[in-house]
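The values are calculated or read from the model by the stated rules, or taken from the named source; none is laboratory data. Remember, it's a predicted structure, so these values are computed and weren't measured experimentally. Every residue, glycine among them, receives a Cβ derived from its backbone with ideal geometry; neighbour counts consider all protein chains shown. These accessible areas exclude ligands, DNA and RNA; they are computed on the full protein's heavy atoms, side chains included. Shrake-Rupley method; radii C 1.70, N 1.55, O 1.52, S 1.80 Å.
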Amino acid sequence: MADLPLAGFRILSAEQYGAGPYGTMFLAQMGADVIKIEPPRGGDTARAVGPHYLRDGESLFFQTFNLNKRSLTLDLNTEEGKAILHRLAGSAHAVVNNLRGDLPERMGLTHAQLKDVNPAIVCAHLSAYGRDNERARWPGYDYLMQAEAGWLSLTGEPDAPPTRAGLSLVDFMTGTIMTIGLLGALLDAQRSGKGRDVDVDLLSAAIHQTSYPAMWYLNAGDVTGRAERSAHPSVTPSQLFRAADGWVFVMAQLPKFWNVLLDRIGHPELGEDARFRTPADRLAHRDALTAIFDGIFSEKPVAHWVDLLSGHMPVSPVYALDQALDNPFLRETGMIDTAPHPDRADMRVLANPIRLDGERLPNRAAPLLGADTDAVLAEAGFSAADIEGFREKGVV
């Protein structure tokens, strides 16, 4: 795709691990030149995260979050490194970091520190707890945010220990939110010529995702807890049911789907049962309804019920991860892509969920450490001798 929407925009990103790189990968896949700034010795810590590697310790975990980017090694803890950053920032549109809250200012990554070389520069900061409070120096990770934001009290069965979401959703959401904030500020900077700082933090994002249970508590004092079978807190049947060979998730989320469900499974009499006539009745008698539907669904395998209900009401099989990724529907929709890597020509990756004009965004493998250092510095006007001098000093 030659006309990607962010083509011509350059983003410098002092990023590491998951949340920040996940967000900037969207920018790279939409055509921005995302230059990943990494420490000269070792690079992004994600490069060493196992258990699966490509070449010379090159990690599949790292590939997950860094498609379509370029890699520049640069020591931002040195004065020379900061000077190089200033040179690069003069022709960039944004500078991103996901460092600990007290580090961006120390490393010269704020708008106040870069506006003299580029008034329109947008500086996006993603930290654990923010940059302007007593926790600015605290390290923090996704799992901690799920714990403090109440997610573990909402996930899993009622009698189980507190349970986190199976994926690092706070990281991914915060990276995405950061990208939205950056794009908004970037749009304004193109009109006004003035950049700004954009701040997001993991805990704020995690709290924001508590959404309607938060509204219920803040305004009605209602504390949402865990429901059996991963059930919706206020609608039933909208939960897991036991089939003959596994589990099926059925969501009669709207009253019309209740009628469809009873018709399709051949039990219209349940609609006349006084315990189940209204949504409130069904919620009040959820346990009884679950037992009845378990008896019905356990008579046939998952595939039978999915075939019977699909397209008529919301229904899904419950897949293991391998089954989910081997789903033929993903090949039909193009969600599995190939991004050749020097060590694996057929490396398979997930496609971006965004489509432009009906097409998935293009992918290329994440860069080897420092693969683009010479090119990026040459583009900024440094000579080959300058670059060699930086390398001898360990600046790049």
**Prompt:** Can you find a residue in the range 314-321 that is under 24 Å from Pro255 (Cα atoms), more than 25 Å from the chain's Cα centre (by Cα) and open to solvent by less than 40 Å² (accessible area, probe 1.4 Å)?
**Reply:** no
**Request:** Return yes or no: is Leu330 open to solvent by 50 Å² or more (accessible area, probe 1.4 Å) and either under 21 Å from Ser238 (Cβ atoms) or at pLDDT 95 or above (or both)?
**Result:** no
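Per-residue answers, yes or no, for (1) closer than 21 Å to Gln146 by Cβ; (2) open to solvent by 40 Å² or more (accessible area, probe 1.4 Å); (3) free of Cβ contacts under 8 Å to residues at least 40 places away in the same chain:
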| residue | (1), (2), (3) |
| --- | --- |
| Ala185 | no, no, no |
| Ala205 | yes, no, no |
| Ala252 | no, no, no |
| Trp258 | no, no, yes |
| Gly266 | no, yes, yes |
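If the requirement is being assigned to a strand (DSSP E or B), more than 30 Å from Leu218 (Cβ to Cβ) and open to solvent by less than 10 Å² (accessible area, probe 1.4 Å), which of these qualifies: Leu126, Leu109, Leu72, Leu85?
Details: Leu126 fails: more than 30 Å from Leu218 (Cβ to Cβ); Leu109 fails: assigned to a strand (DSSP E or B); Leu85 fails: assigned to a strand (DSSP E or B).
That would be Leu72, the only listed residue that is assigned to a strand (DSSP E or B), more than 30 Å from Leu218 (Cβ to Cβ) and open to solvent by less than 10 Å² (accessible area, probe 1.4 Å).
This table checks each residue for (1) outside the structural domain of His304 (by the TED database); (2) buried (at least 17 other Cβ atoms within 10 Å of the Cβ); (3) farther than 30 Å from Ser298 by Cβ.
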position: Asn219; (1), (2), (3): yes, no, yes
position: Arg226; (1), (2), (3): yes, yes, no
position: Ala244; (1), (2), (3): no, no, no
position: Val248; (1), (2), (3): no, yes, no
**Asked** In the range 164-173, what count of residues is obtained for those that are touching a residue at least 24 places away in the same chain (Cβ under 8 Å) and either closer than 17 Å to Val122 by Cβ or open to solvent by 40 Å² or more (accessible area, probe 1.4 Å) (or both)?
**Response** 3
**Fill in**
A careful count of residues in the range 268-280 that are within 15 Å of Ala252 (Cα to Cα) and surrounded by 15 or more Cβ atoms within 10 Å (Cβ to Cβ) gives 3
**Request:** May I ask you to list pairs of residues, at least six apart or on different chains, whose Cβ atoms are under 6 Å apart, with the first in the range 332-343 being assigned to a loop (DSSP other than H, G, I, E, B) and the second being open to solvent by 70 Å² or more (accessible area, probe 1.4 Å)?
**Result:** Ala339/Arg364; Asp343/Arg55
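Taking Leu368, is it open to solvent by 30 Å² or more (accessible area, probe 1.4 Å) and in contact with a helix residue (DSSP H, G or I) (Cβ under 6 Å, 6 or more places away or on another chain)?
In short, no.
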**Fill in**
Residues in the range 187-202 that are assigned to a helix (DSSP H, G or I) and either closer than 13 Å to Ser127 by Cα or open to solvent by 80 Å² or more (accessible area, probe 1.4 Å) (or both) total 4
**Prompt:** Is there any pair linking a residue in the range 82-99 that is at negative phi and in the same structural domain as Thr373 (by the TED database) to one that is open to solvent by 10 Å² or more (accessible area, probe 1.4 Å) and among the polar types (S, T, N, Q), with Cβ under 6 Å and at least six apart or on different chains, and which?
**Reply:** Ala89/Asn118; Gly90/Asn118
